[in-house]
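Notes follow the structure.
Coordinate-derived values only; no laboratory data. This structure is a prediction, so every number in the text was calculated from the model and none was measured. Here the Cβ positions follow ideal geometry from the backbone for every residue, glycine too, while neighbour counts run over all protein chains shown.
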Amino acid sequence: MTQTSNAVFHPVSAPDYLPKDKLELLQLQRLQEMVQRAYSHVKLHRSRMDERGVQPQDITSLDAIRALPFTYKDDLRDTYPFGMFASPMDEVVRVHASSGTTGKPTVVAYTEADVAVWAEVMVRTFASCGLHRGDIIQNAYGYGLFTGGLGAHYGAENLGATVIPI
């Protein structure tokens, strides 16, 4: 996948202007979906939540996030290579990894939807900084296994800016 789409995203989205109560409801819905997905598909998350006596249906408010266990970078190494993936490999369109200089590499995966969200978030980030269609962005992030370069690149393109990768 070389680009998320040919469409140029509008740099403003509804969540940018939601009243606080509606934003918190949206955040709660997304938290509940994420916790359910992690619990259902990632063995480590399920076992840690079970150890704490927390079930996905217990997440009834944003404050309930305090009951959730942390994920540590070592968890990515300990479950190497794909143990933290919440999507099956046939839905994964991209895999990135660290160099592994401290031991095993840390591996992350992206679905097509993840890549689209990533690009849209970068459009919003760039737009919030005052960048527009027609601006020129020099992207100095790496384009290798590090994840930053491609997200910034797609976001800038989808904003309508010209990208100079270096």
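Here the extension length gained between Glu112 and Phe82 equals 9.1 nm, from 0.36 nm per residue of separation less the Cα-Cα distance. Rounded to the nearest 500, the helix-only mean residue ellipticity at 222 nm of the chain stands at -13000 deg cm²/dmol, with each DSSP H run of n ≥ 4 adding -39,500 (n - 2.57).
Relative protection proxy for 82-88, 113-119, from highest mean packing down: 113-119, 82-88 (other beta-carbon atoms within 10 angstrom).
Tell me whether the chain comes out rounded, prolate or oblate; compute the Cα gyration tensor, take square roots of the eigenvalues as a ≥ b ≥ c, and use a/c under 1.5 as the rounded threshold. Here the chain falls in the oblate category.
The modelled label-to-label distance between Gln29 and Cys129, using points 7 Å beyond Cα along the C-beta direction, is 3.1 nm.
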